[in-house]
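Below: one structure, written as structure tokens.
Computed from the coordinates by the stated procedures, all read-outs in this text should not be read as laboratory data. Keep in mind it's a predicted model, so treat the numbers as computed, not measured. Here Cβ is always computed from backbone atoms with ideal geometry, including for glycine, and neighbour counts include all displayed protein chains.
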Amino acid sequence: MSYSIYMPVKCVWGNNCVADNSSLLSLGKNCLIVTGKNSARCSGALDDAISALEKENISCSIFDEIGENPLISSCHKAGAAAREADADFILGIGGGSVLDASKAIAIYASNSDLSPIDIYKRKYSNKALPVALIGTTAGTGSEVTAVAVLTNDKTGIKKSISGPDCYAAVSFCDPKYTCSMSYKTTVSTALDAFAHAVEGFFTQKCEGVLRLFAEKCIPELYSCLEILSKTDEIPCNIREKLYYTSIYAGLVINTCGTAFPHPLGYVLTENYGIPHGMACAAFFSPFIDRCAEYSNEKFGDFIRMTDEIGKVKAVIASLTDLNGAVISKEDAKKYALRWQSVIPRNFTASPGGLTQREAAEILAGVKF
Ligand code: NAP
Ligand code: ZN
């Protein structure tokens, strides 16, 4: 067993952490604030960020065109906007989509000759601009990961970039910004955090301190999910728990990676518009069955941390709204073609591994 951990993000947590730590935003003199359409404003995070920037005498302009599952073309456009505004750092405010986009924008901004698609080649001349992040969802853990999941406009396929240049310099995690999320987004993002914790836990790398992180967040997240399955009125202490545990889960996947529910989930998001967390949760049942078969000791621990497996599956299924879509066997085979030449690391990291044919079978068997 050998592994290394590298997580260089300065991460501040807690109520009013943006106002209380405004000096951490001094990454330059002029920033491009990156947001989606509404969440930065309706969560209150944008106003707090602007006040904090004013306090530090940092000027800013806003790019608010990042959508869900961010397109490389939007990130490329924002990179040009950053250069136009002479920004010397990027401040992303939003859910995982905006946080991931901000990491890509920082790369495009300092590399004017980089075409949208070439970001996947991971070769460019200039260092990315520094990035600060303020999260408004409780799920992806992008605040602490060296990953950005981007969508290729031409193929519609989601693909990650990762590496030290994808770490934020600083992340602010204030749970109050997550309070404006709808019940559905709260559930989907909570399911994503649970998927990260559970998939990460069952990888071979999840030992030592990483196992401690996973073992901290699995029972807490599960108890939150149980509550979400019974009520759509979400108390503040649950919002807080969801946010902090999503960060623990982010620390787990940052080293351990995720397992097969994630790439299979991308297929549901790309073709059926299912939000990321619910899309991954759709594969919880086949995943945990394989864990029971191939990773018996950890499976025992998982049950001790949660509940009897039938109950756990029922809670996850009750929260997973897949909109009535159906995948035919033919479509499943077609979707699985993307894994024909290269088997993703998420497959090999899953207990028992996963072949392309098995992936197609699981896709075709998913219950909507
Ligand atoms: P999201 O796509 O960022 O946001 C989903 C929706 O929720 C958007 O419409 C957003 O609105 C809205 N929203 C966000 N915060 C809100 C708030 N506080 N109040 C009201 N509405 C709010 O959702 P996400 O689940 O956080 O991110 C998903 C993305 O992250 C996917 O692309 C996924 O692949 C990626 N991901 C990345 C990592 C990583 O390590 N980097 C890990 C897992 C997943 P606006 O459009 O107005 O912002
Ligand atoms: Zn995820």
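Please compute the net charge surrounding I50, taking Lys and Arg as +1 and Asp and Glu as -1 over other residues with Cβ under 12 Å from its Cβ.
Details: positive: R41, K55; negative: D47, D48, E54, E56.
Once positives and negatives cancel, what remains is -2.
Nearest 20 debye, what's the magnitude of the dipole of the range 197-277 about its Cα centre given +1 on Lys and Arg Cβ and -1 on Asp and Glu Cβ?
Values: 6 positive and 9 negative charges, 36 e Å.
Using only the charged Cβ atoms, the result is roughly 180 debye.
Please state the charge dipole magnitude for the chain, taken about the Cα centre, from unit charges on C-beta atoms (+1 on K and R, -1 on D and E), reported in debye and rounded to the nearest 20.
On the way: 35 positive and 39 negative charges, 160 e Å.
For the chain, the charge dipole is close to 760 debye.
State the antiparallel share, in %, of DSSP beta bridges confined to the chain, rounding to the nearest 5.
Numbers: 5 of 27 bridges.
That works out to approximately 20 percent antiparallel.
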**Request:** Under 18 Å Cα to Cα from K313, which lysines show up? Leave out anything in the same chain fewer than 8 places away.
**Result:** K230, K298, K367
**Per-selection Kirkwood Rh - the range 182-364 (Cα, Å, 1 d.p.)** = 16.4 Å
**Request:** Net charge near A81: determine it from the other residues with C-beta under 15 Å of the C-beta of A81, scoring Lys and Arg +1 and Asp and Glu -1.
**Result:** -3
**Request:** Quote to one decimal, in nm, the extra length available between K29 and I50 on full extension: 0.36 nm per residue of separation minus the C-alpha distance between them.
**Result:** 6.2 nm
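Please report, in cubic angstrom per residue, the volume enclosed by the convex hull of the alpha-carbon atoms of the chain. Show your work: numbers first, answer last.
Details: hull volume 46.0 nm³, N = 368.
Output value, Cα hull per residue: 125 Å³.
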